[in-house]
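S.K.: One structure, as structure tokens, below. Some questions next.
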Amino acid sequence: MINYKKFASILMLSASLYAAEYTAEWNYTNKGPSRWHSLHPEWETCFLGKEQSPINISSLRAIDKINSLILRYESDSKNVVNNGHTLQLNFDNMSYITFNDTKYNLLQAHFHTPSEHHLDGVIYPLEGHLVHQNENGDLLVIGVFFKKGKQNPIIKSMLANYSTEINNQMPLEKLNAKMLLPTKYRFYSLKGSLTTPPCTENVQWIILDNPATASAEQIKKLRELFHNNNARTLQDSNNREITFTK
Ligand SMILES: [Zn+2]
């Protein structure tokens, strides 16, 4: 005869172990970037990886190269979610880019304050990441710096609609991700990683040289929401190739 009580307790135990393993917590304070690799066996790359992000981008070291970047963004923002680490804007799979003839769909955009990448040693108050994925599952992230200036209409909508409840997706109006970008830019391209656990590498990064703008009030609100800091510490560039496309 099956001991149902015992069976149930084993089920509960394995469920809690599963939860413990797969929802290991990380943050930017007591479980911060210097400890991420020790918090979960699958996060070792955060320490062992050789092409980690973010880095300081040295314009003097960048090699001029022709790269083709074509943006095909639609007004397809779907919802905003506070995932406990950042505010994330999800898109409806209509927007895409092509980078050197490979198509990447726009999945989501989110923010770090202050900026994660530095440009010639300069730290901006805010950095947006537009995360794209190709049909093989490879990621491409466009990094855009923000300086204080005119308010940004997408950040405005996100701040007006997000829920303080973690992972609660809130609908918002259809907006075009183009509004997160400066009107004119050139770009750096380099290989790197996710800047949050599991710090997976082989991410194609495109960092725009010109900043977009957000109002002082918007930057302040995002900063307060992220407890003053949700930027990973700078990583070693390990002499990786950085190209610059004019
Ligand atoms: Zn990011």
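S.K.: So in the stretch 146-175, with the set limited to residues that are charged (D, E, K, R) and not in a loop (DSSP other than H, G, I, E, B), which one is nearest to the ligand (Cβ to nearest atom)?
M.R.: Within the stretch 146-175, the first condition is being charged (D, E, K, R), and the residues that meet it are 147-148, 150, 156, 165, 173-174.
If we keep only those that are not in a loop (DSSP other than H, G, I, E, B) as well, we get 147-148, 156.
On the way: K147: 18, K148: 20, K156: 20 Å.
Step by step, filter the stretch 146-175, then rank; the result is K147.
S.K.: I'd like to know if the stretch 110-127 contains one or more residues that are open to solvent by less than 10 Å² (accessible area, probe 1.4 Å) and closer than 20 Å to R72 by Cβ. Show your work before the answer.
M.R.: Filtering the stretch 110-127 down to residues open to solvent by less than 10 Å² (accessible area, probe 1.4 Å) leaves 111-113, 115-117, 126-127.
Add one more test, that the residue is closer than 20 Å to R72 by Cβ, and what stays is none.
No; the residues of the stretch 110-127 include none that is open to solvent by less than 10 Å² (accessible area, probe 1.4 Å) and closer than 20 Å to R72 by Cβ.
S.K.: Give the number of residues within the stretch 81-100 that are open to solvent by 10 Å² or more (accessible area, probe 1.4 Å) and within 15 Å of I206 (Cα to Cα).
M.R.: 4
S.K.: On to the next question. What's the number of the condition M170 fails, among (1) surrounded by fewer than 21 Cβ atoms within 10 Å (Cβ to Cβ); (2) in contact with a helix residue (DSSP H, G or I) (Cβ under 6 Å, 6 or more places away or on another chain); (3) closer than 23 Å to A216 by Cα?
M.R.: (3)
S.K.: State yes or no: is I142 at pLDDT below 95 and on the phi < 0 side of the Ramachandran plot?
M.R.: Details: at pLDDT below 95: no; on the phi < 0 side of the Ramachandran plot: yes.
Considered against the rule, which asks whether it is at pLDDT below 95 and on the phi < 0 side of the Ramachandran plot, I142 comes out as no.
S.K.: Give the stretch 176-188 a look and list any residue that's more than 15 Å from the ligand (Cβ to nearest atom) and either of a type in the set (K, R) or open to solvent by less than 10 Å² (accessible area, probe 1.4 Å) (or both), or say none. Give the derivation first.
M.R.: To start, the set of residues in the stretch 176-188 that are more than 15 Å from the ligand (Cβ to nearest atom) comprises 176, 178-179, 181-188.
Result: K178, K184, R186.
S.K.: Out of all the residues in the stretch 214-241, which are among the polar types (S, T, N, Q) and either crowded, with 17+ Cβ neighbours inside 10 Å or part of a helix (DSSP H, G or I) (or both)? Step through it out loud before you land on a result.
M.R.: Our first condition is that a residue be among the polar types (S, T, N, Q); within the stretch 214-241, this holds for 215, 218, 228-230, 233, 235, 237-239.
Result: Q218, N230, Q235, S237.
S.K.: Let me ask something else about it. Would you tally the residues in the stretch 189-228 being more than 15 Å from A109 (Cβ to Cβ), of a type outside the set (S, T, Y) and away from the ligand (no atom under 13 Å from the Cβ)?
M.R.: Selection size over the stretch 189-228: 19.
S.K.: Okay, next question. Taking the stretch 91-106, which residues are over 24 Å from K221 (Cα atoms), in contact with a strand residue (DSSP E or B) (Cβ under 7 Å, 6 or more places away or on another chain) and hydrophobic (A, V, I, L, M, F, W, C)? Walk me through how you get there before you give the answer.
M.R.: Filtering the stretch 91-106 down to residues over 24 Å from K221 (Cα atoms) leaves 92-106.
If we keep only those that are in contact with a strand residue (DSSP E or B) (Cβ under 7 Å, 6 or more places away or on another chain) as well, we get 92-93, 95-99, 103-106.
Matches in the stretch 91-106: I97, F99, L106.
S.K.: Within the stretch 113-139, track down each residue that is over 23 Å from F99 (Cα atoms), part of a loop (DSSP other than H, G, I, E, B) and in contact (Cβ under 8 Å) with a residue 60 or more places away in the chain.
M.R.: Within the stretch 113-139, T113, P114, S115, D120, G121, Y124, P125 qualify.
S.K.: For the stretch 31-109, give me every one of the strands (runs of 3 or more DSSP E) that falls completely inside it and has 1 or more residues that are of a type in the set (D, E, K, R), more than 24 Å from K191 (Cα to Cα) and out of contact with any His (no Cβ under 8 Å at 6 or more places or on another chain). So that I can check it myself, show each step before the final result.
M.R.: Details: elements: 69-72, 77-82, 87-91, 96-99.
In the stretch 31-109, 77-82 are the strands (runs of 3 or more DSSP E) which contain 1 or more residues that are of a type in the set (D, E, K, R), more than 24 Å from K191 (Cα to Cα) and out of contact with any His (no Cβ under 8 Å at 6 or more places or on another chain).
S.K.: Turning to a different aspect of this structure: What is the number of the single condition among (1) farther than 26 Å from K148 by Cα; (2) open to solvent by less than 80 Å² (accessible area, probe 1.4 Å); (3) not polar (S, T, N, Q) that I206 does not meet?
M.R.: (1)
The values are calculated or read from the model by the stated rules, or taken from the named source; none is laboratory data. What you are looking at is a predicted structure, and each value in this text was computed from that prediction instead of being measured. Positions of Cβ are backbone-derived with ideal geometry, glycine not excepted, and every protein chain shown enters the neighbour counts. Calculation scope for accessible area: heavy atoms of the full protein, side chains included, ligands and nucleic acids excluded. Shrake-Rupley method; radii C 1.70, N 1.55, O 1.52, S 1.80 Å.
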